[in-house]
Amino acid sequence: MSFVSSQFLEVKAQLDKVIKSTNRQVDRVKLVAISKFFPAENIAEVYQLGQRAFGESKATELVAKATTLPQDIEWHFIGHLQSNKVKSVVEYASYIHSIDTIKLLERVNRLAGEVGKKPKVLLEVNVSGEESKYGFTVAQVAEAVAQAKSLPHIECVGLMTMAPDGVDSEELKKIFSTLKSLADQAELSELSMGMSGDYPEAVECGATLVRIGSAIFGNRSY
Ligand SMILES: *Cc1c(COP(=O)(O)O)cnc(C)c1O
């Protein structure tokens, strides 16, 4: 078995264990395999093992992969989305996790309408308040959600966040619990949180979409 295949099975097993140990339901936590910077062959290997949800952070890479790989892959867009790339992302992505401005929200809605799609979207929230991160502030979430829910060509399903690097387990849980309560207040069911290094805490705090890349595919060379 290849490196990627065995890593994938290991992550699946670990994730299952975490879900069960936190009394979550296995079918309420979806693994999104983050395949950015890895070739289509690696995705095909993981696909062979039954995985269908994959995530990409660049529009051109998403399009290249979506047009060559099997049609039943569910593509998730997780990167910062530039306005001139919205159309191609809307064509191929079932989920867009990284809506970070009202302007982008409106543009996604308009272009989705034009191409006859209705993507599921999540609003990115900068819970930790780091300067370097994109996303709505905690204070902006309620209004952004209200706006998102009023638009006809998108389906606003949830919130997404990225925790800072190098914080301890307790701090991670604070951040993830904040996102969970924001989503509860806004009556949104999906919570995209947790990556290779912090998914156990995210699952414990209610994640429904975990975005795991390097633990499956290995280290990325940018
Ligand atoms: C790259 C990326 C991931 C995956 O990170 P890993 O640490 O490799 O699991 C998850 N979410 C976002 C937004 C990313 O850009």
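Key figures for this structure:
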{"read-out": "Pairs with Cβ under 6 Å, 6+ apart, first in the range 211-222 and closer than 15 Å to PRO39 by Cβ, second more than 8 Å from the ligand (Cβ to nearest atom) and among the hydroxyl-bearing types (Ser, Thr, Tyr)", "value": "none"}
{"read-out": "Helices (runs of 4 or more DSSP H) contained entirely in the range 54-118, each with at least 3 residues that are away from the ligand (no atom under 14 Å from the Cβ) and among the charged types (D, E, K, R)", "value": "102-115"}
{"read-out": "Residues located in the range 91-117, provided they are touching a His at 6+ places or on another chain (Cβ under 9 Å) and buried (at least 21 other Cβ atoms within 10 Å of the Cβ)", "value": "ALA93, TYR95, ILE96, HIS97, SER98, VAL108, ASN109, ALA112"}
{"read-out": "Residue match in the range 125-148 (condition: closer than 26 Å to SER35 by Cβ and touching a Gly at 6+ places or on another chain (Cβ under 6 Å))", "value": "yes"}
{"read-out": "Residue check for THR60: over 17 Å from the mean Cα position of the chain (by Cα), surrounded by fewer than 20 Cβ atoms within 10 Å (Cβ to Cβ) and under 18 Å from ILE96 (Cα atoms)", "value": "yes"}
{"read-out": "Condition met for ARG220 (within 16 Å of the ligand (Cβ to nearest atom) and in contact with a His (Cβ under 9 Å, 6 or more places away or on another chain))", "value": "no"}
{"read-out": "Answer residue from the range 1-56, given it is without any contact (Cβ under 8 Å) to a residue 24 or more places away in the chain and of a type in the set (Ser, Thr, Tyr) and is nearest to ALA202 (Cα to Cα) among those", "value": "SER21"}
{"read-out": "Test for ASN84: is it open to solvent by 70 Å² or more (accessible area, probe 1.4 Å) and under 21 Å from LEU151 (Cα atoms)", "value": "yes"}
{"read-out": "Which listed residue, of SER6, SER35, SER2, is surrounded by fewer than 16 Cβ atoms within 10 Å (Cβ to Cβ) and at pLDDT 95 or above", "value": "SER6"}
{"read-out": "Given (1) open to solvent by 60 Å² or more (accessible area, probe 1.4 Å); (2) more than 21 Å from LEU69 (Cα to Cα), index of the condition THR22 fails", "value": "(1)"}
{"read-out": "Selected residue (only one of SER150, SER169 is free of Cβ contacts under 8 Å to residues at least 24 places away in the same chain and of a type in the set (Gly, Ala, Ser))", "value": "SER150"}
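Residues are listed down the side, and each one gets a yes or a no for (1) in contact (Cβ under 8 Å) with a residue 60 or more places away in the chain; (2) aliphatic (A, V, I, L, M); (3) within 16 Å of the ligand (Cβ to nearest atom):
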| residue | (1), (2), (3) |
| --- | --- |
| GLU155 | no, no, no |
| LYS180 | no, no, no |
| ALA183 | no, yes, no |
| MET193 | no, yes, yes |
| ALA207 | yes, yes, yes |
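The values are calculated or read from the model by the stated rules, or taken from the named source; none is laboratory data. What you see is a predicted model; the values in this text were computed from it and never measured. All Cβ positions, glycine included, derive from the backbone under ideal geometry; neighbour counts span all protein chains shown. With ligands, DNA and RNA removed, areas are computed over all heavy atoms of the protein, side chains included. Shrake-Rupley method; radii C 1.70, N 1.55, O 1.52, S 1.80 Å.
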